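Some notes on the structure that comes next.
No value in this document is a laboratory result; all are computed from the given coordinates. Since the model is a prediction, treat every value here as computed from it, not as a measurement. Here the Cβ is made from the backbone with ideal geometry for all residues, glycine too, and neighbour counts use every protein chain on show.
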Amino acid sequence: VMLENGEKLSAYRFIDATQDAWVAYMAGAGFTLGMEDIGLDKRQAVTLIIEVGGVNWEKVVGALTSGEYAGGAYGTSAWGFLEEMKEYEPFDPQIRSRGPNMGLQNNGNVLINAMHIFGVDGLDPASRQEALKRGEREAEFLVRFMRRRLPGFEDAYLAAVAPELYV
């Protein structure tokens, strides 16, 4: 296997535990993108995790377990607000939102996966970097929408974004 930095690794067998099959790719293993193996080149959207502060977790959990909103919650995990998020109009036409998957962190902030970014070549570092910038820009708009529409997000603010996309 030849690494991007020019270093060469050799072994009788590799177990690829990378999130994007990079070891297999660098070794020259065959692969297909998206669904091209069945004649389609539709690549899956990538996501960007955002960290949001100022969320009233108890209010989020109460709303999602009340039956008034689609979703649910258990301990430090919550999911839902599907109908509410359908109303979000993205700044970037290549980005869509969905009902957020949420995780309460020890510092009180909430990690949220709710953004799909389309048109990204997950094997191209420049494409991933451009998509990361687009996602970072969209994150402010997404949190602003959540602040207006989702129970428990009235005082929410964008605390951070993940350093890389989930491909």
Exercise for the section: Give, as a single signed number, the net charge of other residues whose beta carbon lies under 14 Å from the beta carbon of Glu87, with Lys and Arg counted +1 and Asp and Glu -1. Expected result: +4
Handout entry: For the chain, with +1 on Lys and Arg beta carbons and -1 on Asp and Glu, the positive-most of Val23, Val60, Ala139 along the dipole
Key = Val60
Exercise for the section: Note the count of lysine pairs whose C-alpha atoms are less than 29 angstrom apart in the chain, limited to pairs 8 or more residues apart or on different chains. Expected result: 4
Exercise for the section: For n ≥ 4 DSSP H runs only, could you compute -39500 (n - 2.57) per run for the chain, divide by its residues and tell me the 222 nm figure to the nearest 500? Expected result: -8000 deg cm²/dmol
Exercise for the section: Starting from the amide H of Ala160, placed 1.01 Å from N in the peptide plane, find each other amide H under 5 Å away whose residue is 5 or more places distant or on another chain. Expected result: Glu51
Handout entry: Extension reserve of the Gln19-Phe31 stretch, reckoned as 0.36 nm per residue once the Cα distance is removed
Key = 2.8 nm
Fill in the blank from the handout: Largest fluctuation, Gln19, Gln94, Gln105 only, Gaussian network model of the chain with Cα springs under 10 angstrom, belongs to Gln19
Completion exercise
Checking Ala126, Ala27, Ala139 against a Gaussian network model of the chain (alpha-carbon springs below 10 Å), the top fluctuating residue turns out to be Ala27
